[in-house]
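So the structure is just underneath, and the comments pick up after that.
The values are calculated or read from the model by the stated rules, or taken from the named source; none is laboratory data. The structure displayed is predicted, hence computed values, not measured ones. Every residue, glycine among them, receives a Cβ derived from its backbone with ideal geometry; neighbour counts consider all protein chains shown. Quick note on the areas: whole protein, heavy atoms, side chains included, nothing else; ligands and nucleic acids left out. Shrake-Rupley method; radii C 1.70, N 1.55, O 1.52, S 1.80 Å.
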Amino acid sequence: MRTKESTNAARPTSRPRGRLAPSPTGLVHLGNARTALATWLSVRAADGTLVWRLEDLDRARVVPGLAEAAEEDLAWLGLDWDESPRLGGRFGPYVQSERIARYECALDALLLAGRIFPCALSRKDLEGIASAP
């Protein structure tokens, strides 16, 4: 049986990590700014690492230039981050569409392990769920 001490000793201490994960489908609004500020304050107060990760998987709705605009808008507010598509970092890539091969490998592993179960909903059903209020 592992004790709390042995569990903590086996795990390296690390700084907390927070993330900003905008989707480049619209302009930054007050809600985005509030969430970004709360995340930034929390991570900075804990001497953590703040990550900018771009959520661009909804390719049909991505608007060119909005990722850069969001980054500029939040920087104008005085927010900064430690890792991003532009800055790089140990855990990149930071653009979700560039991570698809990793996701496919994870899905393959889940499939081989018998951990993926079929969904009975049609694409139309799923679209209706995604657009529900």
When you scan the stretch 51-63, how many residues do you find that are open to solvent by 30 Å² or more (accessible area, probe 1.4 Å) and under 20 Å from THR39 (Cα atoms)? 2
Filtered residues of the stretch 64-91 (kept if in contact with a helix residue (DSSP H, G or I) (Cβ under 9 Å, 6 or more places away or on another chain) and within 15 Å of ASN32 (Cα to Cα)): ALA70, ASP73, LEU74, LEU77, GLY78, LEU79, ASP80
Looking at the stretch 61-68, is at least one residue part of a loop (DSSP other than H, G, I, E, B), charged (D, E, K, R), in contact (Cβ under 8 Å) with a residue 24 or more places away in the chain and farther than 24 Å from SER14 by Cβ? yes
Which listed residue is modelled with pLDDT under 95 and open to solvent by less than 80 Å² (accessible area, probe 1.4 Å), from ALA101, ALA38, ALA67: ALA67
Leading residue by the ranking (nearest to ARG90 (Cα to Cα)) among those in the stretch 22-35 that are loosely packed, with under 12 Cβ neighbours inside 10 Å and not hydrophobic (A, V, I, L, M, F, W, C): ARG34
Looking only at residues in the stretch 70-83 that are more than 18 Å from THR25 (Cβ to Cβ) and of a type outside the set (Asp, Glu), which one is most open to solvent (accessible area, probe 1.4 Å)? TRP76
Failed condition for GLY78, given (1) in a loop (DSSP other than H, G, I, E, B); (2) touching a residue at least 12 places away in the same chain (Cβ under 8 Å), with all others met? (2)
How many residues are among the β-branched types (Val, Ile, Thr) and either open to solvent by 40 Å² or more (accessible area, probe 1.4 Å) or in contact with an Asp or Glu (Cβ under 7 Å, 6 or more places away or on another chain) (or both) when one looks only at the stretch 41-50? 1
